[in-house]
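Remarks on the structure that follows.
What follows draws every value from the coordinates through simple rules; no lab data is involved. Note that this is a predicted model, so its numbers are computed, not measured. Backbone-built Cβ (ideal geometry, glycine too); neighbour counts: all protein chains shown.
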Amino acid sequence: MVESSIQQTLVLVKPDGIYRGLIGNVITRFENAGLKIVGMRMRWIDKDFSKRHYSEHLEKTFYYTLEEYITAGPVLAMVLEGVEAVEVVRKIVGSTEPKSAMPGTIRGDFAHINLAHADKTKKAVCNIIHASANSKDAANEIMLWFDPMDLHTYKRAGEEWIR
Ligand code: AMP
């Protein structure tokens, strides 16, 4: 059997992206690339939920600044679908550190902070967006954030020209 290259991945517009009014900009980039939004919700998460979402960072020195950041306001969660969507979405998002993120990426175009400054000032690396790191994380994160009945199957107009 041929393995499907169609993947789903989780994207979060973090509180800085919401407060700065960047939702439209972020969504437009994914839609322009032909990625399909199959689920969307806004949620203001608490510390317990942050610990579940960022479980791999719990022991890191920056965890508490990260927790403060991600619980500081509402978050827009989206499930995006497309051909090798996990990697494609991360390419559009850019590197974790905004200073290193290339122009043309979301983080490169809308932020510039570096890790050293964040560490020195004990501030979070506000980088607008989260995208699942790999397909295993994507499956776990989608399960954490979404009820399966809130994920939808539909055909985008012109989809035959996209995938
Ligand atoms: P990641 O799971 O790699 O997306 O990391 C989660 C978030 O933690 C990043 O998006 C940053 O906001 C933050 N972060 C990652 N690395 C660092 C670091 N070295 N210092 C401070 N914050 C960090």
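Key figures
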{"item": "Chain lengthening between ILE23 and HIS112 when straightened (0.36 nm per residue, less Cα-Cα)", "result": "30.2 nm"}
{"item": "Long-range HN-HN contacts of ILE113 with modeled amide H, under 5 Å", "result": "LYS99"}
{"item": "THR121/MET40 FRET efficiency (R0 45 Å; Cβ-Cβ; nearest 0.05)", "result": "0.85"}
{"item": "Cα gyration tensor shape of the stretch 1-77, rounded if a/c is under 1.5, else prolate or oblate by comparing a/b with b/c", "result": "oblate"}
{"item": "Label-point separation in nm, LEU58 to GLU84, each point 7 Å along Cα→Cβ", "result": "3.4"}
{"item": "Extension gain from ALA72 to ILE6, taking 0.36 nm per residue of separation minus the Cα-Cα distance", "result": "20.4 nm"}
{"item": "Links that overshoot a 32 Å alpha carbon limit, given the list LYS91/LYS120; LYS123/LYS155; LYS47/LYS155; LYS91/LYS155", "result": "LYS123/LYS155; LYS47/LYS155"}
{"item": "Sequence of ILE92, ILE106 once ranked by neighbouring C-beta atoms within 10 Å, starting from the fewest", "result": "ILE92, ILE106"}
{"item": "Relative contact order of the stretch 55-137, pairs being alpha-carbon contacts under 8 Å that are 6 or more residues apart, as %", "result": "27"}
{"item": "Choice from GLY21, GLY82, GLY108 with maximal GNM fluctuation in the chain (Cα, 10 Å cutoff)", "result": "GLY21"}
{"item": "Global geometry of the stretch 42-163, whether rounded, prolate or oblate, following the gyration tensor of its Cα atoms and the 1.5 cut on a/c", "result": "oblate"}
{"item": "Under the Karplus curve 6.51 cos²θ - 1.76 cosθ + 1.60, θ = phi - 60°, whole-Hz ³J(HN,Hα) for the stretch 99-108, x wherever Gly or Pro sits", "result": "4, 8, 5, 5, x, x, 8, 4, 5, x"}
{"item": "Estimated 222 nm signal from helices in the chain, with DSSP H stretches of n ≥ 4 weighted -39500 (n - 2.57), rounded to 500", "result": "-10000 deg cm²/dmol"}
